[in-house]
Amino acid sequence: MNKDLGDIFVISAPSGTGKTTLAGRLLSDFPTLVFSVSYTTRPPRSNEINGKDYFFISKGEFEKKIAQGEMIEWAEVYGNYYGTSATFLRQKIEEGKDILLDIDIQGAKQVKQRFPESVLIFISPPSFKELEYRLKKRGTDPPEIIAKRLQAAKLEMEAAKDFDHIVINDDFKKAIREIKAIIVAYKTRVTKRWWQVKNILRSFE
Ligand code: ADP
Ligand code: 5GP
C-alpha cells in the first residue's frame, strides 16, 4: 500500500435525501477531504456556482469529453448527463488527497469497478413521506421533476445492498457522525497505517 495515495469515498442516495447537505458539512469538518466537482448538462439552480457545485457544460461538450476518455464514470440521470473528471480524480489520488464523490448509483458502481478499494456509502431517507417532504421543501424542482425523482427512488433504494455502508439520514448529526466514523475507520486500517508504525519502529532501534 502506497502511503502517498489518496482514497475515494462515494456517497449516493435518492435525490432529496440530503447528500449535498451532508457533503457540505463533511468538507468543512474534514479540511483534507476534496470534493470532486462533476460535469453536468443540467441547467444550474439559482444558488449553484459554476466550478464549485458543478461544471455546467453543453451536451456536445459532454459527449466530446466521453469520447476523449475524460469521464472516469458517467450516467444519464433524469434526462441529463452527469460525470466525474478522470484527470481531476487521478491527480488528487496522486497528490495523496482523499476525495468525496456525490454521484448517483450507476456512477458509484462504475467507480467501484475501476477503483475496487473505493468506499461506497449509501444514504437512505428515513421514509418515503420524508423524502417527498424534503424534495418539496427544497423548492428547487418543479412538481413533474419531483414526481420523476420519487418514482426512481424505490429502485435506487434496492441498490443499497451493493454498497459497503448504509447511513440513514434521519437525524442529521447522527448521520454525520456515522459517515465520519466510516472514513476514520478506513483511514486507520493496518494497510493504511503500517508505514507509520514502521517509522515509529525506527525510534526503537
Ligand atoms: P440531495 O443532495 O440528496 O438531493 P439535499 O442535500 O439537497 O439532498 O437535501 C434536500 C433537503 O433536505 C434540503 O432542504 C436539506 O436542508 C434537507 N435535509 C437534509 N438532511 C436533512 C435531515 N437529516 N433532516 C431534515 N432535513 C434534511
Ligand atoms: P442533482 O441534479 O440533484 O444535482 O443530481 C442528480 C443526481 O445526479 C444525484 O443523484 C447526484 O448524486 C448525481 N450526480 C451528480 N454528479 C454526478 C456524477 O458526476 N456522476 C454520476 N453518475 N452522478 C452524478
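List of remarks:
- Per residue, the accessible area of the stretch 1-97 comes to 49 Å² when a 1.4 Å probe rolls over the protein heavy atoms.
- Against the chain, whose longest principal axis comes from its Cα atoms, helix 190-202 is set at around 30 degrees.
- Amide H contacts of residue 81 (H built 1.01 Å from N, under 5 Å, at least 5 apart or other chain): 41, 42
- Of the trypsin sites (Lys or Arg not before Pro) in the stretch 115-167, not one is in a loop by DSSP (not H, G, I, E or B) with at most 12 other beta carbons within 10 Å.
- Residues whose amide H comes within less than 5 Å of that of residue 103, counting only those at least five positions distant or on another chain, are 11 (H built at 1.01 Å from N in the peptide plane).
- Of all lysines in the structure, the ones whose alpha carbon falls short of 23 Å from that of residue 129, not counting any fewer than 8 places away in one chain, are 19, 137, 148, 154, 161, 173, 174.
- Amide H partners (placed H, <5 Å) of residue 124, local residues excluded: 167, 168, 169
- FRET E, pair residue 199, residue 35, Förster distance 22 Å, beta-carbon r, rounded to 0.05: 0.15
- Ranking 167, 203, 183 by how far each Cα lies toward the positive end of the dipole of the stretch 161-205 (charges on Cβ) leaves 203 at the top.
- Selected from 182, 49, 166 as most flexible by GNM, with the chain as the system and alpha-carbon contacts under 10 Å: 49
- For the pair residue 47 and residue 158, the difference between a 0.36 nm per residue extended length and the Cα-Cα distance amounts to 36.9 nm.
- Phi angles of the stretch 72-86 translate, via the Karplus equation with coefficients 6.51, -1.76, 1.60 and θ = phi - 60°, into HN-Hα couplings of 6, 7, 7, 7, 9, 10, 6, x, 10, 8, 9, x, 9, 6, 5 Hz per residue; Gly and Pro are given as x.
- Highest-MSF residue in the chain out of 127, 85, 38 [GNM, Cα springs under 10 Å]: 127
- Our helix-only sum for the chain, with -39,500 (n - 2.57) per DSSP H run of n ≥ 4 divided by its residues, gives a mean residue ellipticity at 222 nm of -14500 deg cm²/dmol.
- For the chain, built as a Gaussian network whose Cα springs stay under 10 Å, the top-fluctuating residue of 26, 101, 89: 26
- Electrostatic bookkeeping for residue 16 treats Lys and Arg as +1 and Asp and Glu as -1; over the other residues with beta carbon under 12 Å from its beta carbon, the sum is +4.
The values are calculated or read from the model by the stated rules, or taken from the named source; none is laboratory data. Bear in mind the structure is a predicted one, so any value in this text is a computation, not a measurement. Here the Cβ is made from the backbone with ideal geometry for all residues, glycine too, and neighbour counts use every protein chain on show. The accessibility values were calculated without ligands, DNA or RNA, using every heavy atom of the protein model including side chains. Shrake-Rupley method; radii C 1.70, N 1.55, O 1.52, S 1.80 Å.
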